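Asker: So that we are looking at the same thing, I have put the structure below in structure tokens.
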There are 2 protein chains.
Amino acid sequence: MKNATIDLPSLPRQRLGDQIADVLRQQILLGQLPPGKNIPERETAAALGVSRTPLREGLLTLEAEGLVEMSPSKSPVVANPTFVEVSHLLLVQSALEELAGECACDEATEDEIDKIEDMHKMMLANVQEPDQIKFFQIDMAFHEAIVASTKNPSLIKTHKQYHSRLWRVRFLSARRRAARDKAMIDHGRIVEGLRHRDKEQVSSEMREHLRRAIDNIRIVFAEEEASAAVNG
Amino acid sequence: MKNATIDLPSLPRQRLGDQIADVLRQQILLGQLPPGKNIPERETAAALGVSRTPLREGLLTLEAEGLVEMSPSKSPVVANPTFVEVSHLLLVQSALEELAGECACDEATEDEIDKIEDMHKMMLANVQEPDQIKFFQIDMAFHEAIVASTKNPSLIKTHKQYHSRLWRVRFLSARRRAARDKAMIDHGRIVEGLRHRDKEQVSSEMREHLRRAIDNIRIVFAEEEASAAVNG
DNA sequence: GATATATATTTGGTATACCAACTAAAGGTC
DNA sequence: GACCTTTAGTTGGTATACCAAATATATATC
């Protein structure tokens with residue numbers, strides 16, 4: 001053989017549609033594509049330098065994830081869930097994280113628990129930081145790390161999808177100082193439970209942690225509504 | 001206005017890709033497209049009388065659901081999960097049904113509980129029927145009805161997807177008489193709990209009902225493996 | 001001037017055409 | 001005769017072209 005298995009580092013192949021879905025998903029999460037925003041196919045495809053076919057495949061992926069809504073003869077639009085919808089999502093996510101907590105007690109390595117605890121400590125150090133974006137990112141990574149430690153690909157994937165749909169509203173919620181304080185208490189108990197491999201404690205704490213978040217999010221929705229009423 | 005809002009009954013518009021996904025999903029569940037089967041795009045599109053574009057969109061939907069696997073330069077193929085993968089799926093499904101049981105106690109109407117109990121009675125009448133397909137279909141409808149009674153669209157949708165991926169293996173499992181007997185006991189407790197709106201009983205029974213199924217499914221996989229070793 | 005109709009434009013939905021990567025078979029060389 | 005090379009054919013991936021429905025606009029009529 002001459003040069004077989006060289007595997008030149010050119011990253012040639014992931015489907016374009018998947019890459020596009022990744023790009024658009026990021027833009028939605030970061031708020032560059034805000035809820036309600038239209039995503040006309042031709043225009044967006046041109047902006048990304050691709051044709052409509054793979055763009056469409058990416059949009060369909062995001063529709064399946066619930067981040068984009070498509071209806072006949074109308075431009076695809078970034079999803080803008082109501083409070084009721086968000087509370088439904090949070091219930092499912094709470095069940096997924098409850099399971100994750102239970103499985104993590106069996107499957108997480110000591111090293112993974114170390115990493116999770118590090119994140120918790122880092123959050124504690126940033127809890128009263130005015131720059132809330134850092135705090136929030138670690139918060140999300142904290143939850144992702146616990147789910148990842150279960151090594152259950154289906155759980156990880158489904159959780160990630162709900163994570164995306166809840167991203168924005170949880171970001172808005174995390175700006176509330178009271179919410180952050182409560183979160184730190186919950187997280188502390190979760191880390192403690194993981195250390196002792198206490199399934200009951202970890203799973204119930206993770207479930208209740210998310211369910212309690214519903215109250216903060218209700219307030220966020222009420223504030224947004226009031227703000228919208230003022231601004232028109 | 002002359003004839004507006006007439007809405008002629010021609011069922012013109014659901015996206016072709018969605019219809020195709022529905023057709024292929026049915027064929028996969030019914031075993032007409034068995035696990036491992038190739039689904040070449042051109043050939044399948046021609047057989048369905050459509051072009052590759054909407055067929056592809058349907059296939060991508062099924063890929064997102066985990067029923068089909070697509071890899072570059074290879075024909076899409078019907079997923080053929082291993083026992084480990086199925087056990088992972090079942091864990092997630094058990095968490096979803098646990099949540100469904102809890103929510104159903106709050107949200108189910110008396111009428112819905114009547115329907116669920118009717119299904120249970122019908123299963124009891126068919127438990128020793130040699131024609132297992134009827135028993136199995138009611139079994140699946142029983143679980144679906146409980147989830148539907150929660151009125152949580154996200155939960156319903158996600159549950160349905162896991163339902164599809166687990167359909168075949170649960171069908172194989174339901175052929176075992178011992179599994180059917182156990183299922184009837186569990187179902188009886190679930191119906192009883194629903195009647196009393198006992199969240200704790202219903203949710204824990206639904207969780208354990210599915211987790212116990214893992215044992216039967218392990219046997220099914222072992223049998224299939226042994227059979228495969230003999231036949232080829 | 002208001003309304004209604006016709007037309008032009010924009011949208012998403014679908015079909016077709018083209019391309020690159022992979023596979024396999026055929027042919028040539030040692 | 002075995003092995004390497006080349007070429008033809010198949011596959012999925014992408015781009016383009018076409019179509020129908022919906023909408024907005026302009027024009028004609030009352």
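The values are calculated or read from the model by the stated rules, or taken from the named source; none is laboratory data. Given the structure is predicted, the values throughout are model-derived calculations rather than measurements. Note: ideal-geometry Cβ built from the backbone for every residue, glycine included; neighbour counts use all protein chains shown.
Asker: Please go through the range B:142-170 and pick out each residue that is without any contact (Cβ under 8 Å) to a residue 40 or more places away in the chain and more than 11 Å from chain A (Cβ to nearest Cβ).
Answerer: Start the filter on the range B:142-170 by keeping residues that are without any contact (Cβ under 8 Å) to a residue 40 or more places away in the chain, which leaves B:144-145, B:148, B:153-154, B:156-157, B:160.
B:Glu144, B:Ala145, B:Ala148, B:Lys160, listed by residue number.
Asker: Identify the residue in the range A:52-83 that is within 16 Å of B:Glu57 (Cα to Cα) and modelled with pLDDT under 95 and, among all such residues, is nearest to DNA strand C (Cβ to nearest atom).
Answerer: It comes out as A:Pro72.
Asker: Only one residue in A:Arg211, A:Arg189, A:Arg197 is more than 14 Å from chain B (Cβ to nearest Cβ), over 22 Å from A:Pro35 (Cβ atoms), among the basic types (Lys, Arg) and touching a residue at least 60 places away in the same chain (Cβ under 8 Å), so which one is that?
Answerer: Checking each option against the conditions leaves just A:Arg197.
Asker: If you don't mind, another one. Please go through the range B:30-51 and give me each residue that is in a loop (DSSP other than H, G, I, E, B) and within 11 Å of DNA strand D (Cβ to nearest atom), ordered by number. Working first, answer last.
Answerer: Start the filter on the range B:30-51 by keeping residues that are in a loop (DSSP other than H, G, I, E, B), which leaves B:30-37, B:39-40, B:49-51.
Residues satisfying the conditions are B:Ile39, B:Pro40, B:Ser51.
Asker: Filter the range A:23-46 down to the residues that are more than 11 Å from DNA strand C (Cβ to nearest atom), free of Cβ contacts under 8 Å to residues at least 24 places away in the same chain and loosely packed, with under 15 Cβ neighbours inside 10 Å and list them by number. Walk me through how you get there before you give the answer.
Answerer: If we filter the range A:23-46 for residues that are more than 11 Å from DNA strand C (Cβ to nearest atom), which is where we start, we get A:23-37.
Keeping just the survivors that are free of Cβ contacts under 8 Å to residues at least 24 places away in the same chain gives A:26-27, A:30, A:32.
The answer is A:Gln26, A:Leu30, A:Gln32.
Asker: If you don't mind, there's one more thing I want to ask. Test each condition in (1) modelled with pLDDT under 95; (2) within 14 Å of chain A (Cβ to nearest Cβ) for B:Arg175 and report the one that comes out false.
Answerer: (2)
Asker: Yes or no: the range B:134-141 includes at least one residue that is within 16 Å of DNA strand C (Cβ to nearest atom) and more than 14 Å from every other protein chain (Cβ to nearest Cβ). Explain how you work it out, then say what you get.
Answerer: First, pick out the residues of the range B:134-141 that are within 16 Å of DNA strand C (Cβ to nearest atom): none.
Checking the range B:134-141: not a single residue is within 16 Å of DNA strand C (Cβ to nearest atom) and more than 14 Å from every other protein chain (Cβ to nearest Cβ).
Asker: A further question on this structure: Can you tell which of B:Ser94, B:Ser73 is of a type in the set (Ser, Thr, Tyr) and not in a helix (DSSP H, G or I)?
Answerer: Working: B:Ser94 fails: not in a helix (DSSP H, G or I).
Being of a type in the set (Ser, Thr, Tyr) and not in a helix (DSSP H, G or I) holds for just one of B:Ser94, B:Ser73, which is B:Ser73.
Asker: Could you look through the range B:68-89, keep only residues that are without any contact (Cβ under 8 Å) to a residue 60 or more places away in the chain and touching a Leu at 6+ places or on another chain (Cβ under 8 Å), and pick out the one that is nearest to the other protein chains (Cβ to nearest Cβ)?
Answerer: Looking at the filtered set, the residue picked out is B:His88.
Asker: A follow-up question, please. B:Glu98 passes all but one of (1) farther than 22 Å from A:Glu63 by Cα; (2) away from DNA strand C (no atom under 15 Å from the Cβ); (3) out of contact with any helix residue (DSSP H, G or I) (no Cβ under 8 Å at 6 or more places or on another chain); (4) among the acidic types (Asp, Glu); which number fails?
Answerer: All conditions pass for B:Glu98, except number (3).
Asker: Within the range B:1-51, which residues are at pLDDT 95 or above and hydroxyl-bearing (Ser, Thr, Tyr)?
Answerer: The answer is B:Thr44, B:Ser51.
Asker: Shifting gears a bit: What is the residue count in the range B:52-85 for residues that are surrounded by 13 or more Cβ atoms within 10 Å (Cβ to Cβ), within 11 Å of DNA strand D (Cβ to nearest atom) and at positive phi?
Answerer: 0
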